[in-house]
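Down below is the structure, laid out as structure tokens.
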Amino acid sequence: MTAGILFSLIMGNPWPKSTAVWSKKLLQLSVVGLGFGVGIVDVWHAGREAVLYTPVSIGVTVAVGLLLGKMLRTPTKASALISFGTAICGGSAIAAMAPVIEASDEDIAISLATVFSLNAVALFIFPPLGHLFVLTERQFGLWSALAIHDTSSVVGAASAYGSVALSNGTTVKLARAVWIAPAALLTSRFTKTQTKVGIPLFIVGFIAASAVRSFLPSLSHIWQILSIVARQSLVVTLFLVGNGLTREVLQKVGIRPLAQGVILWIVVSAAVLIAVSGGMIH
């Protein structure tokens, strides 16, 4: 991802739309492939634990984000999108929530640029911070899944920390992403919009791949190969994701939305780090 960012900022990205499309598709396929490396029992345990604290953490994060947005006078709908993106799953949550609150293209661009910029920062600083605070791989995977916005950056940071961190971080992040649908549906009740929201298919694919791996252990060598291929494809995926951070994207990030996003992110990251390292979340 670092190479992609540097390439984009220095050389420019001549195909920003194509890059965005293919990075999303490759990420989804890679995430499904990672499912072949995780047992369904592990997925179940991670999802079961996440159910206990995910709704509360999402609600608190959104509430704090909206309060910060009001204090900083961030445009209302952009503030809501930044808050939801931080609370659940970055760009995926923003894309799902935007039609529900009838956000403008400008609001969407501002919130996506803010979240994407912070994703790039997270990829650099999270692994060193994890080592600084002596987090185990499981703890780091959990922390990154709850504190980093997008799945792509969670995967990138966790893979740099270790295979256990990658497995744990990916599983917990996908369990959290399932809450995009309930959050959007609940919001639509208040805004009275008729937008249809569903669970992202790549999450279903990840669970299905994990189930196949667990129920057909005799083919473990095949599942291992598919898991390795998925990890290697992440290299290409993260390069394409990094290419999306162009000068134009950075120019769209205003001071107020960026300040809201940064403050909210620091608060969430610090709170989750304390909870994870203290054993309150496991």
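The values are calculated or read from the model by the stated rules, or taken from the named source; none is laboratory data. Remember, it's a predicted structure, so these values are computed and weren't measured experimentally. Every residue, glycine among them, receives a Cβ derived from its backbone with ideal geometry; neighbour counts consider all protein chains shown. Just so you know, the surface numbers come from the protein's heavy atoms only, side chains and all, with ligands and any DNA or RNA stripped out. Shrake-Rupley method; radii C 1.70, N 1.55, O 1.52, S 1.80 Å.
Computed quantities for the displayed model
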{"read-out": "Ordering of 88-94, 254-260 by packing [mean C-beta count within 10 Å, highest first]", "value": "88-94, 254-260"}
{"read-out": "Gain upon complete extension [L132, V267; 0.36 nm per residue less C-alpha separation]", "value": "46.8 nm"}
{"read-out": "The stretch 81-148, relative contact order [Cα under 8 Å, separation at least 6], %", "value": "31"}
{"read-out": "Cβ-derived FRET efficiency at R0 51 Å, L67 paired with S220, nearest 0.05", "value": "0.55"}
{"read-out": "By average C-beta atoms within 10 angstrom, highest first, the peptides 121-132, 143-154", "value": "143-154, 121-132"}
{"read-out": "A211-S163 FRET efficiency (beta carbon distance; Förster radius 30 Å; 0.05 resolution)", "value": "0.90"}
{"read-out": "Heavy-atom accessible surface of the stretch 82-163: percent carbon and sulfur, 1.4 Å", "value": "62"}
